[in-house]
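Student: Structure incoming, see below.
The values are calculated or read from the model by the stated rules, or taken from the named source; none is laboratory data. What you see is a predicted model, and the numbers here were worked out from it, not measured in a lab. Every residue, glycine as well, gets a Cβ built from its backbone with ideal geometry; the counts of neighbours run over all protein chains shown. Just the protein is used for accessible areas: all its heavy atoms, side chains included, with ligands, DNA and RNA removed. Shrake-Rupley method; radii C 1.70, N 1.55, O 1.52, S 1.80 Å.
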Amino acid sequence: MRRPIFALGLSVSVLAAALASASPAAAQTAALTERTAVANPPRVEQSATSRHAMVAAANPLAVKAGVDVLEAGGSVIDAAVAIQAVLGLVEPQSSGLGGGAFMVYYDAKTRQTTAYDGRETAPAGATNRLFLDENGKRLPFAEAVLGGISTGVPGAIAMLDMAHRDHGKLPWAKLFGEAHLLAEDGFIVSPRLAGMIASKAPQASAPDAKRYFTKADGTPYVAGDRLKNADYARSLERIAKYGASGLLTGTLAQQIVERVHEGPRPSTLSLADLANYRPHSSAALCRPYRLYIVCTPQAPSGGPGLQIALGVLEHTDIGKRDASDEKAWFEFAQASRLAYADRDRYVGDPAFVKVPLEGLLDPEYLKGRAAEIGEKTGPVTFGRPKGAPDVGPDATNEPGGTSHIVIIDAQGNVVSMTTTVESIFGSGRMVGGFFLNNQLTDFSFSPTDEDGAKAANAVGPGKRPRSSMAPAIVLTPQHRFVAAAGSPGGSAIQAYNLKVLVALLDWKMTPQEAVSLSNLVAKGDSYSADTFPQPIMDGLAARNMPLSTGKGEESGLQAIIATPKGYIGGADPRREGVARGF
Ligand code: GLU
């Protein structure tokens, strides 16, 4: 096997001892060892192999909850519910009860893949001027995020509820035990969460976040502290009892509406908006890539963008090259730029705008786009696929606050799910112990360009904002499971996911090698990257592609592959995740 020649070698301070803290019996003694562990963090192996089942997610406590459910005979969907419930508590900067998600589900028996869409929706009262000020100028991003207007109807729990009705095995109410215990007894604040609490993100100093993250002595929680969240436990009790209705109707719904109606920039979100929310399910968007089939969710997810990038790379020789080859990275970057240009132009909520999907993914069209790769960079613009509507340019800004989960159960069913509150701590506003999303800022702030052409991703009442999230599952042509992968990272998700798929499928790296490999995010005229060896940097610079390195490109990739001997999983060394199985 070819080895990756450069990758992040970060040592991750994962809270190993915290894994033990979910058991109440161990809690007393664990408290001490946990603190020692944080002061002197052990290096925890992030990758894993297993025979029967596996989970990879962004926090070891969430992984443990998922593995426990699988060991108790639960399905991948059961595990996803338990993992999401824990992540919303221990990684509140990224996802939770107040956020949304996209998921691809593979059913081992029928070999079908289903896409679930739990994307947040805009209230019925939203207009395409939502993010414009009184003079028609775009609001400053932070002002929009912190306003009541940024919150869409949360969809992650409704999506999981729907998927659980379809494919759950254990009773819904039994899936929240671990999260409930951690909320009641407290969980150990991880270094990453502590970093977010102390960060300059405006949400970290929003009043609700400040209150939650300040100790009785007036100082902020730091890594190693035990944080309790009784309100979160109460919210879980409602959701365990009533399903998604426990969140979208009744007292929690009332509190959500009241909180977002408060200034600054109050929302029109109503109880009816919450009660009327419906997640979607459909066949996944599956396209061939070399010897494989790659399945992603449909628009408005990042699935189409990722499929375009793969479709362009299909017409290159990147598969014959490897990660030490500067030309391979040039092709990778050019395919990314072409795909970003198209998805930015054309992808929006297909219930509201015409997304020319067949034209964009037509092999002839993609071949023509691949011919634009050339030998040096030049300007890149959107293409003209068949059925392309006349739409205006996009003005969407997407910072990162999201998480990725991959799961395989003992029956061989698979979940790849990206889940989000949009930015770090969402809008910074809390209800019931969890953060409310700011997902509506994923809409284009400007509804039209100067000539009045409408952006595909303009705000609309009841509309879902375009996403970059593109959880992927890879199959053989006979629809047998090969791999599952995905990442958070705002608009960079497309580049992260493309890298991990090329590394796994073309360069035959292991999941850990593939997720650790340096990232390169090429979009428009911006080329940002982790560390790359000088010869690659020089080669790319000679092709008019100057890489700005160390730009904090922060993926949170998780990946699992199937092998004849079982499963191999890997988790991104840039965050705190692990893969574990049995
Ligand atoms: N809100 C983004 C999206 O849905 C994801 C942000 C992130 O990855 O941090 O595409």
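Student: Take the stretch 289-307 and flag every residue that is within 16 Å of the ligand (Cβ to nearest atom) and either crowded, with 24+ Cβ neighbours inside 10 Å or modelled with pLDDT under 95 (or both).
Tutor: Within the stretch 289-307, Thr296, Pro297, Ala299, Pro300, Ser301, Gly302, Gly303, Pro304, Gly305, Leu306, Gln307 meet the criteria.
Student: How many residues, within the stretch 368-392, are outside any loop (DSSP other than H, G, I, E, B) and within 26 Å of Gly539 (Cα to Cα)?
Tutor: 3
Student: Among (1) touching a Phe, Trp or Tyr at 6+ places or on another chain (Cβ under 6 Å); (2) more than 15 Å from the ligand (Cβ to nearest atom), which single condition is Asn128 missing?
Tutor: Every listed condition holds for Asn128 apart from (1).
Student: When only residues in the stretch 228-254 that are surrounded by fewer than 20 Cβ atoms within 10 Å (Cβ to Cβ) and in contact with a Gly (Cβ under 6 Å, 6 or more places away or on another chain) count, which is farthest from Pro266 (Cα to Cα)?
Tutor: That would be Lys228.
Student: List the helices (runs of 4 or more DSSP H) inside the stretch 122-192, counting only whole elements, that have at least 1 residues being more than 24 Å from Lys241 (Cβ to Cβ) and open to solvent by less than 50 Å² (accessible area, probe 1.4 Å).
Tutor: 141-146
Student: Any idea how many residues of the stretch 347-370 are within 21 Å of the chain's Cα centre (by Cα) and either closer than 17 Å to Gly311 by Cα or of a type in the set (A, V, I, L, M, F, W, C) (or both)?
Tutor: 1
Student: Report, by residue number, each residue of the stretch 390-412 that is modelled with pLDDT under 90, open to solvent by 30 Å² or more (accessible area, probe 1.4 Å) and away from the ligand (no atom under 16 Å from the Cβ).
Tutor: Once the filter is applied, which keeps residues that are modelled with pLDDT under 90, open to solvent by 30 Å² or more (accessible area, probe 1.4 Å) and away from the ligand (no atom under 16 Å from the Cβ), the stretch 390-412 yields Asp390, Pro393.
Student: Kindly indicate which of His180, His261 is in contact (Cβ under 8 Å) with a residue 12 or more places away in the chain and more than 25 Å from the chain's Cα centre (by Cα).
Tutor: Going through His180, His261 in turn, the sole match is His261.
Student: List the pairs whose first member sits in the stretch 115-135 and is among the polar types (S, T, N, Q), whose second member is assigned to a loop (DSSP other than H, G, I, E, B) and within 15 Å of the ligand (Cβ to nearest atom), and whose Cβ atoms are under 8 Å apart, counting only residues at least 6 apart or on separate chains?
Tutor: Final answer for the pair search is Thr121/Gly152; Thr121/Gly155; Thr121/Lys463; Thr121/Arg464; Thr127/Val459; Asn128/Val459.
Student: Given Thr268, Thr251, which one is among the β-branched types (Val, Ile, Thr) and not in a loop (DSSP other than H, G, I, E, B)?
Tutor: Selected residue: Thr251, the only one of Thr268, Thr251 that is among the β-branched types (Val, Ile, Thr) and not in a loop (DSSP other than H, G, I, E, B).
Student: With the requirement that a residue be more than 23 Å from the chain's Cα centre (by Cα) and either open to solvent by less than 10 Å² (accessible area, probe 1.4 Å) or within 16 Å of the ligand (Cβ to nearest atom) (or both), what does the stretch 440-459 give you?
Tutor: The answer is Ala455, and nothing else.
Student: Same structure again: What are the pairs with Cβ atoms under 8 angstrom where one residue, in the stretch 136-154, is basic (Lys, Arg) and the other, located anywhere, is surrounded by 18 or more Cβ atoms within 10 Å (Cβ to Cβ) and modelled with pLDDT of 95 or more? Sequence gap at least six, or different chains.
Tutor: Arg138/Phe131
Student: Let me ask another. For the stretch 331-367, which residues satisfy the criterion of being in contact with a His (Cβ under 7 Å, 6 or more places away or on another chain) and either surrounded by 22 or more Cβ atoms within 10 Å (Cβ to Cβ) or in a loop (DSSP other than H, G, I, E, B) (or both)?
Tutor: Of everything in the stretch 331-367, just one residue is in contact with a His (Cβ under 7 Å, 6 or more places away or on another chain) and either surrounded by 22 or more Cβ atoms within 10 Å (Cβ to Cβ) or in a loop (DSSP other than H, G, I, E, B) (or both), namely Leu366.
Student: How many of the residues making up the stretch 193-214 are farther than 30 Å from Asp68 by Cβ and in a loop (DSSP other than H, G, I, E, B)?
Tutor: Residues meeting the conditions: 5.
Student: Before we move on, is Gly566 surrounded by fewer than 18 Cβ atoms within 10 Å (Cβ to Cβ), in contact with a strand residue (DSSP E or B) (Cβ under 9 Å, 6 or more places away or on another chain) and under 30 Å from Gly125 (Cα atoms)?
Tutor: In short, no.
Student: What's the number of the condition Val222 fails, among (1) open to solvent by 50 Å² or more (accessible area, probe 1.4 Å); (2) modelled with pLDDT under 95?
Tutor: Of everything listed in (1) open to solvent by 50 Å² or more (accessible area, probe 1.4 Å); (2) modelled with pLDDT under 95, Val222 misses just condition (2).
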